[in-house]
Amino acid sequence: MLLIDINIKYQNFTLQTCHTILASGVTALFGRSGSGKSTLLRVIAGLEGCAKGRVVWGDEVWQDDSHFTPPHKRGLGFVFQDSRLFAHLTVAGNLAYADKRARDLPGANLDEIVDALDLGPLMARHPATLSGGEQSRCAIGRALLTRPRMLLMDEPLAALDANRKAEILPYLERLRDRIGTPILYVSHNMAEVTRLANHLMLIDAGRITHSGPLSALLADPAAAPALGPQEAGAVITATLTAHEPDGLARLQTTTAPLFLPHIEAPLGSRLRIRILAQDVIIAREAPAGLSALNILPAEISQISGDDGPAVMVQLRAGDDLILARITRRSASALGLCIGMACFAIVKSVSVAPAHIGPDHNTSHQRP
């Protein structure tokens with residue numbers, strides 16, 4: 001466990017939180033720009049001073065009123081927004097620099113890291129000749145070769161365009177599933193978060209407002225205002241069962257099949273799928289004569305909303321939770337109430353490829 005109990009006053013805001021972070025899996029810290037994400041990460045790493053508070057790893061006190069452990073003795077890896085690679089060294093040299101200094105520590109070895117991040121073809125090249133995505137992969141590999149207790153990642157994909165992000169996300173998923181190093185991942189991109197994380201913390205104005213398992217928290221109507229109407233939505237899991245002749249992929253959920261545009265994955269793959277609340281329609285009865293292919297039997301488990309025109313409706317579809325954002329008028333006209341049987345309707349083309357990724361074993365044990 002990593003305990004953070006701090007109170008830091010800045011000119012424009014106060015970073016104040018008392019929270020415990022699990023030292024396993026991928027924990028995402030999500031919030032808008034200026035909410036305090038990067039500052040909190042720097043406090044954990046020892047790169048930012050904290051006059052009041054404590055930072056404790058297990059039974060090791062890294063910081064309190066009388067003690068401060070410097071960054072290089074905390075055993076953490078840090079990946080910044082820019083790669084910060086050594087320009088005079090090749091990729092092999094950058095990796096070897098970290099590997100030699102941490103060779104006696106437990107953790108993944110050089111060959112495992114090179115394989116997981118596909119760095120083999122890049123080993124003889126210098127950073128200036130690499131693309132942004134290649135530089136990021138090298139920087140992540142170098143940080144992992146310090147054999148850190150936890151890897152801190154401060155928006156490592158922020159400088160990449162959408163295509164480069166799409167290229168590197170599978171490598172991060174591979175690291176998550178193969179290497180097993182705990183990761184604290186800072187981002188303001190919910191698509192990245194839902195692809196990678198199994199635990200989520202929401203931060204706003206220097207305070208952690210919500211925390212919990214990713215799927216449960218994203219499906220919680222109470223957390224929707226912190227995410228915003230465009231980002232609110234749930235994550236479900238399904239098994240890829242067929243590549244249909246017309247180009248659709250058939251996935252089996254715990255309640256009904258789900259049809260999405262073609263997915264590059266082998267049959268039998270377990271996938272996590274993010275469905276935005278604004279893309280879900282609720283019907284009292286099974287619809288007929290409808291173009292939408294995905295009609296999931298469900299039951300209403302929560303209804304939440306303020307005085308505005310919209311409400312959030314949480315639906316239980318088998319073992320999954322789905323969130324729908326509909327108008328208050330529609331909810332009233334349908335007579336929606338908790339416990340009511342209904343149907344969640346999702347257009348196949350509304351689920352973006354960036355919102356689909358491999359599900360993973362939450363134990364994060366190395367194979």
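Since every read-out is calculated from the coordinates, none of them should be taken as a lab result. Bear in mind the structure is a predicted one, so any value in this text is a computation, not a measurement. Methodologically, a virtual Cβ is constructed for each residue, glycine included, from the backbone with ideal geometry; neighbour enumeration extends over all protein chains shown.
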For this session: Could you tell me how many degrees, from 0 to 90 and to the nearest 10, lie between the Cα long axis of helix 91-101 and the main elongation axis, the longest principal axis, of the Cα atoms of the chain?
Result: 70
Exercise. Just one of (i) 5, 24, 32, 25, 11, 2, 0, 0; (ii) 5, 19, 20, 13, 11, 13, 12, 6, 1, 0; (iii) 5, 22, 29, 24, 14, 5, 1, 0 is P(r) over Cα pairs in 10 Å bins from 0, in percent calculated from these coordinates, so which is it?
Worked result: (iii)
Exercise. By per-residue mean of other Cβ atoms within 10 Å, what is the highest-first order of 114-121, 178-185?
Worked result: 178-185, 114-121
For this session: Given a cut-off of 30 Å, name the pairs among K165/K347; K9/K100; K73/K165; K9/K73 whose C-alpha atoms lie farther apart than that in the structure shown.
Result: K9/K100; K73/K165
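Quick one: longest stretch of the chain between exposed loop GluC sites (Glu not before Pro), exposed meaning at most 16 other C-beta atoms within 10 Å and loop per DSSP? Spell out each step's value before the answer.
Working: sites that count: E48, E264, E285.
In short, 49-263.
Can you show me the helix-derived [θ] at 222 nm for the chain, built from DSSP H runs with n ≥ 4 at -39,500 (n - 2.57) apiece and divided by the number of residues, rounded to the nearest 500.
Values: 9 runs with 80 residues, N = 367.
Calculated at 222 nm, the ellipticity per residue is -6000 deg cm²/dmol.
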Seminar exercise, completed: Counted neighbours (other Cβ, 10 Å), sorted fewest up, put T146, T209 in the order T209, T146
Exercise. Picking from L15, W62, L276, whose Cα lies most toward the positive end of the charge dipole for the chain (charges on Cβ: Lys, Arg +1; Asp, Glu -1)?
Worked result: W62
Exercise. Based on DSSP, what percent of beta bridges with both residues in the chain are antiparallel, to the nearest 5?
Worked result: 80
For this session: Relative to the longest principal axis of the C-alpha atoms of the chain, give the angle of the C-alpha long axis of helix 162-178, reported between 0 and 90° and rounded to the nearest 10°.
Result: 80
Seminar exercise, completed: Sorted by chain and then number, the residues having a modelled amide H within less than 5 Å of the amide H of E48, at least 5 places away or on another chain, are V43
